[in-house]
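Enquirer: Below you will find the structure I want to go over with you.
Every number here is computed from the coordinates shown, using simple stated rules; none is lab data. All figures in this text were calculated on a predicted structure; none of them were measured in a lab. We place every Cβ from the backbone using ideal geometry, glycine too, and count neighbours over all the protein chains shown.
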Amino acid sequence: MGAVTRPASPALLDSFHKGWVHDGAAAEAVRMLKYGRSTAVVSAFADSLASAAPPVDLVTWCPASRGRRRERGFDQSELLARAVAHRIGAPARSTLIRTDHTPQTTRRRDGRLAGPSLRLRGQLRSGPSVLLIDDVTTTGATLTAAARLLRSGGALAVHGSVVTRARRRSSGAT
């Protein structure tokens with residue numbers, strides 16, 4: 001398989017913050033949140049994301065697929081976004097709806113690069129700055145798709161923040 005290349009920051013974001021590289025203990029903690037229902041890690045993750053958050057008018061999240069929410073009993077990105085919003089004193093609101101329900105982790109590479117199908121819940125109030133939260137990013141496609149929609153809905157600035165980001169592979173990697 002060829003190398004995965006991507007920009008340092010997903011497209012359409014005014015700023016981008018990752019808490020950790022998706023490796024070792026950080027990756028295991030994210031897996032425990034998502035698949036082991038270990039929500040205790042949300043507090044530590046939210047502390048890290050909040051400490052790097054720019055001033056914003058609204059915090060929102062990249063929604064999980066309906067099947068994953070049903071399986072887990074929660075949307076991990078929503079939990080993170082609400083905890084970050086509480087720490088920075090900004091409102092949290094669901095602004096995006098996932099219209100396809102195939103989890104990113106089950107897609108082939110081309111599907112992951114295309115990102116999920118999303119739609120906006122409605123227009124944002126005029127000109128807000130938004131902090132967009134997700135648990136993990138690999139290609140940046142989900143963040144880019146979400147940022148595009150938020151901007152089309154009236155956001156003047158969209159900042160992205162994730163708990164972990166997959167390692168970038170250098171050219172020639174397999």
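Enquirer: Using the Karplus curve 6.51 cos²θ - 1.76 cosθ + 1.60 with θ = phi - 60°, work out ³J(HN,Hα) for each residue of region 156-163 in order, rounded to whole Hz, and write x for Gly and Pro.
Expert: 3J(HN,Hα) across region 156-163, in whole Hz: 8, 9, 10, 10, x, 8, 10, 5.
Enquirer: What are the residues whose amide H is under 5 Å from the amide H of A92, where those residues sit 5 or more places off or on another chain and H is modelled from the backbone?
Expert: V59
Enquirer: May I ask you to derive the FRET efficiency for D100 and R37 from their Cβ-Cβ distance with R0 = 30 Å, giving the value to the nearest 0.05? Intermediate results must be reported in sequence, preceding the final value.
Expert: Numbers: r = 24 Å, r/R0 = 0.80.
It comes to 0.80.
Enquirer: Next up: Roughly how many nanometres apart are two label points built 7 Å out from the Cα toward the Cβ at A11 and R70?
Expert: A separation of 3.3 nm, rounded to one decimal place.
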